[in-house]
Amino acid sequence: MDYLCLASELIAMWNSRSQIRFNQTFSKIMKREILILNYVKEHDTVVHPKDLSDAFVVSTARIAVVLNHLEQSGLIHRFPDAQDNRQVVVTLSEKGVALLEESKKVFTDYVEKILQKMGEDEVAEYIQLQKKLIAVLTEV
């Protein structure tokens, strides 16, 4: 089997994904802000801006800009860490929780429609292949 040829074909498919409506919808729903809100929700312990910077592999300055926008939009709260006054803790506001839940619902509904069009057997096979790919990627 020519894995180099297959790799080239896969990369070409990935590069053409900008023409797919799914990718455009995904980009609208899963903006960086939503990803950050989701991170804060999933890590319901103390979340510091540095944690976000590390998780998203962006500078703390960029995270500060995004957090400023989220705070101005009323989606998060920032306050001094009770354990270390030099640190800031990020939490979701009620508005942030509501936006996150709505975004997840819209995205889940969209993916459900796609999966229904694929068919049950293909979806099961696709999910198995994705699981295997993720397992391989974590080993590499």
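The values are calculated or read from the model by the stated rules, or taken from the named source; none is laboratory data. From a predicted model like this one, the values you see are computed outputs, not experimental measurements. All Cβ positions, even for glycine, are placed from backbone atoms using ideal geometry, and neighbour counts span all protein chains on display. Calculation scope for accessible area: heavy atoms of the full protein, side chains included, ligands and nucleic acids excluded. Shrake-Rupley method; radii C 1.70, N 1.55, O 1.52, S 1.80 Å.
What part of the accessible area of segment 46-140, given as a whole %, is carbon or sulfur when the probe is 1.4 angstrom?
So the carbon and sulfur contribution to the accessible surface is 58 percent.
Ratio of alpha-carbon Rg to the 2.2 N^0.38 Å globular estimate for segment 26-88, to two decimals, please.
Normalised Rg, Cα atoms only: 1.10.
To the nearest 20 debye, what is the magnitude of the charge dipole of the chain about its Cα centre, counting +1 on the Cβ of each Lys and Arg and -1 on the Cβ of each Asp and Glu?
With Lys and Arg at +1 and Asp and Glu at -1, about 520 debye.
Using only C-alpha atoms and all pairs of different ones, pull out the Kirkwood radius for the chain in Å with one decimal.
Averaging 1/r across every pair of different Cα atoms and inverting gives 17.9 Å.
Could you state the angle between the C-alpha long axis of helix 94-118 and the longest principal axis of the C-alpha atoms of the chain, as a value from 0 to 90 degrees rounded to the nearest 10?
Relative to the chain, helix 94-118 is tipped by roughly 0 degrees.
Mind listing the long-range amide H neighbours of V88? Cut-off is under 5 Å, sequence gap 5 or more, other chains count too, H placed in the peptide plane at 1.01 Å from N.
D81
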